[in-house]
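Inspection log for the structure reproduced underneath, given as structure tokens.
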Amino acid sequence: MIEFEPHPLLRNPHAMTLAATFWPRRRRRLPPPQPRLFEVEPGTRLLAHCHWQPRPAERPTLMLVHGLEGSSDSPYMIGTAALAFSAGCNVVRLNQRNCGGTDPLTPTLYHSGRSADLAAVLVELLERDRLPALCFAGFSMGGNLVFKMAGEFGAQPPPGLCGVAGVCPTLELAPCVAAIERPENALYHWHFVRQLKRRIERKARLFPHLYSVDGLRSIHSIREFDNCITAPHSGFRSASDYYDRASAARVIAQLRVPALILTARDDMLVPFSIFAAAGVMEHPSITFVAPEHGGHCAFVSRYRGRERFWAEARLVEFCLQQSAERVL
């Protein structure tokens, strides 16, 4: 694996993270997507943007899952998709519930524990589309979902699931929420809280019998939002109960498919200590790579072209390696 060499002007994790957010990706490499709806449970559909090769059943498929308040159009989703498609992969950019403008497609909320949604999409692609090899890759919250799904499959994963990967995955939610709420991360925290509250305002307009904006103005943190909104609307007793039950760390020991974790030791939103606590460094199925620099889901390298966004290139490399023996 090519080692990460950070851009010389972006060794600060905040600068690295913000640069990756606004740095344009080469969308021209990616053909127009084919929208597709996946019904993951009665009354709930997820929108995906799919990029199929001329003979999809003869190619590996990379499923991409975004992070908190992201979407299929997040820059890292576009960048990874463009690299994967140009390398010969099918690509599916999945929106979680309500994301990417899909609030009307479900009366429910998305959260870090909805790994069953990913499993339902996986099963449909394997059984209906007859795809031979499918890898999942998630960013931040999406990484937690991907690893939670794989851990829940345990010793009997679907035969077509050839690997899972996560970039800065939030495998242990409580420490990650505590990190986001630190004063030095106020910009990110403010952004997430604002976006989450706006989502509830939209849900209240669409489903007034289920959601109310009463008390919304008094919510000033992610933990308060999860305690007042996420937990009661999603079957959890409290934010703490949600963080415990939705964390992939609880099931990651059961994972039995090849896996890749890419994280940065200077990630200010995902504490490096959670990975040792989850036992990922000793897990025989997990390749764990943690450069000193990289920020949060950023990894802007000193090189141009395909290697500019190091983690995105490694995800494509991983997909191709794990699927090599399963495609024609």
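Residue 311 satisfies every condition listed in (1) among the hydrophobic types (A, V, I, L, M, F, W, C); (2) farther than 20 Å from residue 22 by Cα; (3) outside any loop (DSSP other than H, G, I, E, B); (4) in contact (Cβ under 8 Å) with a residue 12 or more places away in the chain except (2). Would you mention how many residues in region 288-308 are touching a residue at least 40 places away in the same chain (Cβ under 8 Å) and outside any loop (DSSP other than H, G, I, E, B)? Residues that pass the stated criteria total 5.
Please go through region 85-101 and pick out each residue that is in a strand (DSSP E or B) and under 14 Å from residue 139 (Cβ atoms).
Scanning region 85-101 gives 93, 94.
When you check residue 284 against the structure, is it over 30 Å from residue 79 (Cβ atoms), assigned by TED's automatic domain parsing to the domain that holds residue 319 and outside any strand (DSSP E or B), yes or no? So residue 284 passes the test. Filter region 122-145 down to residues that are under 16 Å from residue 80 (Cα atoms) and not small (Gly, Ala, Ser) and give me whichever is surrounded by the fewest Cβ atoms within 10 Å (Cβ to Cβ). Restricting to residues being under 16 Å from residue 80 (Cα atoms) and not small (Gly, Ala, Ser), the top hit is 134. Here region 209-227 is the region considered, the condition is being part of a helix (DSSP H, G or I) and surrounded by fewer than 17 Cβ atoms within 10 Å (Cβ to Cβ), and the residue that is nearest to the chain's Cα centre (by Cα) is 224. Looking only at region 12-41, how many residues end up being among the charged types (D, E, K, R), assigned to a loop (DSSP other than H, G, I, E, B) and free of Cβ contacts under 8 Å to residues at least 60 places away in the same chain? So the answer is 1. The single residue among 82, 137, 120 that is out of contact with any Asp or Glu (no Cβ under 7 Å at 6 or more places or on another chain), outside any loop (DSSP other than H, G, I, E, B) and closer than 23 Å to residue 290 by Cβ turns out to be 137. With respect to the conditions (1) crowded, with 20+ Cβ neighbours inside 10 Å; (2) small (Gly, Ala, Ser); (3) closer than 14 Å to residue 125 by Cα; (4) out of contact with any helix residue (DSSP H, G or I) (no Cβ under 8 Å at 6 or more places or on another chain), residue 72 lacks only one, and its number is (3). Scanning region 314-328 for residues that are in a loop (DSSP other than H, G, I, E, B) and surrounded by 15 or more Cβ atoms within 10 Å (Cβ to Cβ) yields a single hit, 327. Looking only at residues in region 58-69 that are at pLDDT 95 or above and over 18 Å from residue 165 (Cα atoms), the one that is surrounded by the most Cβ atoms within 10 Å (Cβ to Cβ) is 59.
Restricting 158, 132 to residues that are modelled with pLDDT under 95, outside the structural domain of residue 195 (by TED's automatic domain parsing) and either more than 17 Å from residue 25 (Cβ to Cβ) or not in a loop (DSSP other than H, G, I, E, B) (or both) narrows the list to 132.
The values are calculated or read from the model by the stated rules, or taken from the named source; none is laboratory data. Since the model is a prediction, treat every value here as computed from it, not as a measurement. In this analysis, Cβ positions are derived from the backbone assuming ideal geometry, glycine residues included, and neighbour counts consider all displayed protein chains.
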